[in-house]
1. Mind checking which residues of the stretch 270-296 are closer than 22 Å to Asp221 by Cα, assigned to a helix (DSSP H, G or I) and touching a helix residue (DSSP H, G or I) at 6+ places or on another chain (Cβ under 7 Å)?
2. Only one residue in Gly127, Gly84, Gly123, Gly152 is within 20 Å of Met251 (Cα to Cα) and either crowded, with 19+ Cβ neighbours inside 10 Å or at pLDDT 95 or above (or both), so which one is that?
3. Which one of the conditions (1) closer than 26 Å to Ser163 by Cα; (2) at pLDDT below 90; (3) buried (at least 19 other Cβ atoms within 10 Å of the Cβ) does Lys103 fail to meet, given that it meets all the rest?
4. Somewhere in the stretch 121-137, is a residue in contact with a strand residue (DSSP E or B) (Cβ under 9 Å, 6 or more places away or on another chain), of a type in the set (A, V, I, L, M, F, W, C) and under 19 Å from Arg304 (Cα atoms)?
5. If you scan the stretch 21-76, which residues turn out to be touching a strand residue (DSSP E or B) at 6+ places or on another chain (Cβ under 9 Å) and hydroxyl-bearing (Ser, Thr, Tyr)?
6. Filter the stretch 212-234 down to the residues that are among the aliphatic types (A, V, I, L, M) and outside any strand (DSSP E or B), then identify the one that is nearest to Asp279 (Cα to Cα).
7. Could you tell me which of the residues Ala82, Ala66, Ala77 is over 17 Å from Lys111 (Cα atoms), touching a residue at least 24 places away in the same chain (Cβ under 8 Å) and of a type in the set (Gly, Ala, Ser)?
8. Scan the stretch 65-84 for residues that are over 19 Å from Lys27 (Cβ atoms) and touching a Leu at 6+ places or on another chain (Cβ under 6 Å) and jot them down.
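The values are calculated or read from the model by the stated rules, or taken from the named source; none is laboratory data. These figures come from a predicted structure and were not determined experimentally. Note: ideal-geometry Cβ built from the backbone for every residue, glycine included; neighbour counts use all protein chains shown.
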Amino acid sequence: MQKLSWMTALALAAMFGGANAQGYPNKPVRAIVTSTAGGPLDLFTRMVTKKMEEQLKQPFVVEDRAGANGNLAVVAAKQSPADGYTILFSVSTTFTVNQSLFKQIPFDPEKDFIPISVLAKFGQALGVPANSPAKSIADLKALSLQKDINYGSAGIGSPSHLSFAYLQAVTGIRATHIPYRGNPPALLALVTGETQASMVISTSLLPLAKEGKVRMLAYSDNTRSQVIPDIPTVAEQGYKGFQLVFSYVLMVQAGTPQSVIDVLLPAATKAAMSPEVRDKLKAVDTVPIALSPAESREWLRTNRQGWTDVITKMNIRAN
């Protein structure tokens, strides 16, 4: 699928290479981001938009709007004209989780936006304190059945929260969720033993593992991580078919002209798949995939249904 999408993007780039000269974009493009400045999505957006600037010869102005698991940024984008001069970079959870996580959200994830491309994906690594007796998922499950354990996350609805909740739903691990204000305090709690497990992006755990402060037990994608290839996947530990990844997606508002999408799609996919961006993404254990709009819509729809089931089963709710 990845190869097909990239070939499709190249074909579109050749087909619509003259579209830029026909008008779009002829002024700066505003790129709204659903996260904080300096966060992984913000850094990804800046990498991609820098490359898009080089191709389209117009500046892309990045605007971070964190809050409500991405809802604030989505509203700002939704209220902007659907002319291609305001685009949205989001973590997939805003469009796959929020509908179930919140009692109501101020947008329709299916009708209000068009996914141009799911540009990159990333998994999560399962970690425990270095002195934990658990050396596998089976060990962690056994430990959780023997005594009460806690798991930490970066907050309710965060990828780290959702990842462990999904792991619980599949494996039967019993643990109480303790949300923190971001990854740093959640990782500190793991190191000190305040929590007995956590799932975060592998590059956050790797330095701690090298220092002998945590032990990594599993990786959530269906293939091993390119950064921690010695760590087995969840599927390899007896849970066949288990795959849990999150993604970065580029969106535009419903009603955006197809001619604009035909310019943005090849520019964004070429940027994400460029050797420079690929190398930088590898360093943070993120894989560019550059799906087509149709593939991206199906990716989000499938994930939305899966998360609805998990959130209902685990009774997860945002404040």
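1. Result: Ala272, Val277, Lys280, Glu295.
2. Working: Gly127 fails: within 20 Å of Met251 (Cα to Cα); Gly123 fails: within 20 Å of Met251 (Cα to Cα); Gly152 fails: within 20 Å of Met251 (Cα to Cα).
Step by step, each of Gly127, Gly84, Gly123, Gly152 is checked, and only Gly84 is within 20 Å of Met251 (Cα to Cα) and either crowded, with 19+ Cβ neighbours inside 10 Å or at pLDDT 95 or above (or both).
3. Going through the list (1) closer than 26 Å to Ser163 by Cα; (2) at pLDDT below 90; (3) buried (at least 19 other Cβ atoms within 10 Å of the Cβ), Lys103 breaks only (3).
4. Among the residues of the stretch 121-137, at least one is in contact with a strand residue (DSSP E or B) (Cβ under 9 Å, 6 or more places away or on another chain), of a type in the set (A, V, I, L, M, F, W, C) and under 19 Å from Arg304 (Cα atoms), which makes the answer yes.
5. Thr34, Ser35, Thr36, Thr45, Thr49, listed by residue number.
6. Within the stretch 212-234, the subset among the aliphatic types (A, V, I, L, M) is 214, 216-218, 227-228, 231, 234.
Checking which are outside any strand (DSSP E or B) leaves us with 227-228, 231, 234.
On the way: Val227: 12, Ile228: 16, Ile231: 21, Val234: 26 Å.
Among those residues, the one meeting the criterion is Val227.
7. Values: Ala82 fails: over 17 Å from Lys111 (Cα atoms); Ala77 fails: over 17 Å from Lys111 (Cα atoms).
Answer to the check: Ala66.
8. Selection gives Arg65 alone.
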